[in-house]
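Got a structure for you, questions after.
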Amino acid sequence: MQRQLNTSFFLPLQQALCQRITYLLMITAIAITACGGSADPVPVAPSEQANGAFKGTFGESAEFNFFVLPNDKAYGFIGTSDSNGFLQATSFFEATGTINKSSFTSQDLVKYQFGREGVQGTLNASFKQRTSFDGVVTTTERTAFSATAMPMSELNFDRPSFLVPITGRWSGSFFNVESFDIEISPTGTITGKTVFGCQFFGIVSTINPLKALFEIFLIFGTTPCFQAGQTLNGVGVLKTLIDGRTQLLFGISKPDKSAGLAGYALR
């Protein structure tokens, strides 16, 4: 007859052993955590989003409109404005930004003025999301700017863009130097002529259906066009002025960034 082993004798020993193993595992886990072996990484503050529409001053007294796209491409328009907020841009710059938390920097800024080649420079700024933008543009000189969020009554940056509001006839000027008349069709085709007889045509389209932005391409004819035979493209926005009229403001440049034009129109 086979004899069965009585295992009840081993139960206390087994329980004690399990408790000892559990205790050692707990001590090991605590030690590893204390040494940083499995500790969670220190959270890094996420970078804010810089996109938005801003207005303020550039230098001592120039008026400044500043737009940052969702892809962090920035356009700054500098000039004078009247009591209705109508900006007559005499220069503009474009730059591709790099964001680190609340700082916005660019090493590829190019600034444009009428009749001159684009001047390369840098931009260094700090911002508060959809609140303010303050920084310095450095080209041949160093100029500080300060801007706050543009009122939604003037430009609702998050308003979906459609071609309907931009279609029709506009009268305006390039860099407050050469006036023009343009017409934009319901399909976005642009035809225009300046006071000096320069004819140009192009197309306008929406960039981001969820943002109040337009992409503009213009092709200029032969002499007497300042950019004869050239294609320039860039970004435009529509602003609602205090008196209820609408301003079209845009900045366009050549693919190699050697020259650019700021345009503004009213209706």
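In nanometres, what is the gap between the two model label sites at Glu154 and Ser126, each 7 Å from Cα along Cα-to-Cβ?
2.3
Pulled fully out, how much extra length does the chain show between Glu60 and Ser171, if you take 0.36 nm times their separation in residues and subtract their Cα-Cα distance? Don't skip to the end; give the middle numbers.
Numbers: separation 111, 0.36 × 111 = 39.96 nm, distance 2.95 nm.
Here the answer is 37.0 nm.
Moving on to the next point. Please list, or write none, the lysines whose alpha carbon is within less than 28 Å of the alpha carbon of Lys55, excluding same-chain residues fewer than 8 places away.
Lys73, Lys101, Lys111, Lys128, Lys211, Lys239, Lys254, Lys257
Oh, and also: Using the Kirkwood radius over Cα pairs, work out the Stokes-Einstein diffusion coefficient for the stretch 175-240 at 25 °C and 0.890 mPa s, in µm²/s as a whole number.
Numbers: Rh = 12.6 Å.
My calculation gives 194 µm²/s for D.
Same structure again: What does the extension gain come out to for Ser102 and Thr222, with contour length at 0.36 nm per residue minus their alpha carbon separation?
38.6 nm
Give, in nm to one decimal, the length gained when the segment between Ile242 and Asp256 is fully stretched (0.36 nm per residue of separation minus the Cα-Cα distance). Let's see the in-between values first.
On the way: separation 14, 0.36 × 14 = 5.04 nm, distance 3.71 nm.
Value of the extension gain: 1.3 nm.
Quick query: amide H of Lys73 versus all other amide H atoms, modeled in the peptide plane; which residues come in under 5 Å with a sequence gap of 5 or more or a different chain?
When sequence neighbours closer than 5 places are left aside, the close amide H contacts are Gly97.
Name the residues whose placed amide hydrogens come within less than 5 Å of the amide hydrogen of Phe58, ignoring near sequence neighbours (fewer than 5 apart) on the same chain.
The answer is Glu63, Phe64.
Computed from the coordinates by the stated procedures, all read-outs in this text should not be read as laboratory data. All values reported here derive from a predicted model rather than from experimental measurement. Positions of Cβ are generated from backbone atoms using ideal geometry, with glycine treated the same way; all protein chains shown enter the neighbour counts.
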